[in-house]
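As structure tokens, the structure follows; a few thoughts come after it.
The values are calculated or read from the model by the stated rules, or taken from the named source; none is laboratory data. Only a predicted model underlies this, so the values are computations on that prediction, with no experimental measurement involved. Quick reminder, even Gly has a Cβ in these numbers, built from the backbone with ideal geometry, and neighbours come from all protein chains shown. Surface areas here come from the heavy atoms of the whole protein model, side chains and all, with no ligands, DNA or RNA. Shrake-Rupley method; radii C 1.70, N 1.55, O 1.52, S 1.80 Å.
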Amino acid sequence: MKEITFQVSRFDPETDSQPRLEEYTVEVHDGARVLHALHAVHAMDPTLAYRWCCGAGQCGSCAVKVDGAPGLACLTEARDGMVVEPLDLPVTRDLEVDLAPYLGRFTSITPAECETFPTQAEIEAIKPLRECIECMSCVSVCPALKVSEFAGPTAMRQELRLALDPRDTGERAGEAVERGLFACTSCQQCRIVCPKEIQIPGKAIEKLREVAARQGLALPRHTTVAEMVRQTGRSVDRTKPTLLEQVPAVIEPEGEVKGTVGFFVGCMYNGRLPETALDMLAVMRRNGIRVIIPHEQVCCGSPLIRTGQTEFIDYLKRRNIEAFRTRDIDLVMTMCAGCGSTLKNDYKTPFKVMDATEVLAKYGCEAPAKLPLTVTYHDPCHLLRGQGISEEPRALLRTVVERFVETPNQCCGSGGGVRSGRPEVAAALGDRRGEAFEASGAGMVVSCCPFCEYHISEHTTLPVKDLMTLLREGYEEKDRQRAGKRD
């Protein structure tokens, strides 16, 4: 047995205006779960309200937040000092939330008149979508639900489950579009918190968008982007000399060669923000990294995959893979979070893919001068959850600024085709993100994604800068300081 002290959110709507945290000390067995700790509290204070049923991770009833992260109380280990709160849904009492409005969004099967049975292939496609235990953890973290009439991630999962079942006769794709299918930002938060590890964005929402696209239900702006990729190989129009027009195929470092990488440029850095990509290349040169840039590379296809327009994807994949494979490149670097996530998760490459921050962590990064700035960092969804990269950019950021402050992570709204297809949803999420940044006390926002930076800059009064640009400025300041000392 061991003693732990932790806090539990308490709220009685009849007497409390807002929730409060109460501290409890209980004895539990080694390896006890949060549910066991709550049982121990309930034995002392029977007024504590919380749900549970099976106690084995199969019913979903006991979903709560532990230290801010959703999880099942019966599976999450109890820790000394933990904070247990309800999911971010309407609270009825203490740890209990109102699930009825969200369960009511589930669509029921519309059965066919004659007996129709799914094939084995259809059964296998449906299986991963049947694992849902309706805990609503995914719903509680969905950013789109906070600003729109989106039915929610697990409701979309149910729509695809029925769309794949030949026994159902409902018009699922059209119904899903009406219920907000294109409001999902592909932020991946639902996948991360799902106790059954259902890959809702990639295996449900994007697949449902494919069905919608085949039925001619893709959003007009999305079809325009797809046609642009088909005609030009790029998802953004050319507004200035592109990066590929400005750089040679091989960029040698300033000193000793510590490593060689290929560079997958991405459409935004090629056509809209080539200056930022040039900053990154200057940082790589400074740190001994030779960069090979195949000029025949094209769009990675992320905008098409996220919006369900996949008929052209295989060609893009083949062309990009061949561009690097034929040069015997075994490590390809990205600096766009979306491109990196796509190459890592949607491609099968014969080479390793790393973000630019991972490359600097691998080969070592010369310390720049510290700039007199207080900055906060925005985690791009496709970097944090799509690639699992969090500490590398923060470590670099701390070397170049005097003060770094955290802002709670949240999607900015620019991903998943939402900025182009559902701009009002993207703007609402951008406004929420901007408010959080301005409340952080920072004087600048730094990130590692062109889409995030472009979008956030429209929703905050703070300057927004790419991490690589900041590092380049840190090196310039370091050189100025050295020159001043010599003078």
Listed by chain and number, the residues whose amide H is under 5 Å from that of Ala63, excluding neighbours fewer than 5 places away on the same chain and using placed H, are Ala73
Per 5 angstrom bin, beginning at 0 and ending with the bin that holds the maximum distance, the Cα pairs of segment 56-186 fall in percents of 2, 10, 17, 19, 18, 14, 10, 6, 3, 1, 0, 0
For the chain, the longest principal axis of the Cα atoms and the Cα long axis of helix 153-163 enclose an angle in degrees, to the nearest 10, of 80
Once the in-chain neighbours fewer than 8 apart are removed, the lysines whose Cα is under 24 Å from Lys370 read Lys362, Lys465, Lys478, Lys485
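What percent antiparallel are the DSSP beta bridges of the chain, to the nearest 5? All intermediate terms of the calculation are to be shown ahead of the outcome.
Numbers: 21 of 44 bridges.
The antiparallel proportion sits near 50 percent.
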Using alpha-carbon positions, the gyration tensor of segment 1-106 gives root eigenvalues a ≥ b ≥ c; with a/c under 1.5 called rounded, otherwise prolate if a/b exceeds b/c, else oblate, the class is oblate
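Over all distinct Cα pairs, what is the inverse of the mean 1/r for the chain, reported as the Kirkwood hydrodynamic radius in Å? The partial results should precede the final answer.
Values: mean 1/r = 0.0406 Å⁻¹.
Result for the chain stands at 24.6 Å.
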The summed charge of the Lys65 Cβ neighbourhood (under 11 Å; Lys/Arg +1, Asp/Glu -1) stands at -3
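Report, for segment 192-350, the % of DSSP beta bridges that are antiparallel, rounded to 5. Let's see the in-between values first.
On the way: 2 of 9 bridges.
The answer is about 20 percent antiparallel.
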The summed charge of the Phe182 Cβ neighbourhood (under 9 Å; Lys/Arg +1, Asp/Glu -1) stands at +2
Whole-number value, in Å³ per residue, for the convex hull of the alpha carbons of segment 353-425 is 113
A 1.4 Å probe over the protein heavy atoms gives the chain a carbon and sulfur accessible-area percentage of 48
Excluding residues fewer than 8 positions from Lys2 in its own chain, the lysines with Cα under 26 Å of it are Lys65
Probe 1.4 Å, all chains present, heavy atoms only: Glu476 accessible area in Å², nearest 10, is 80
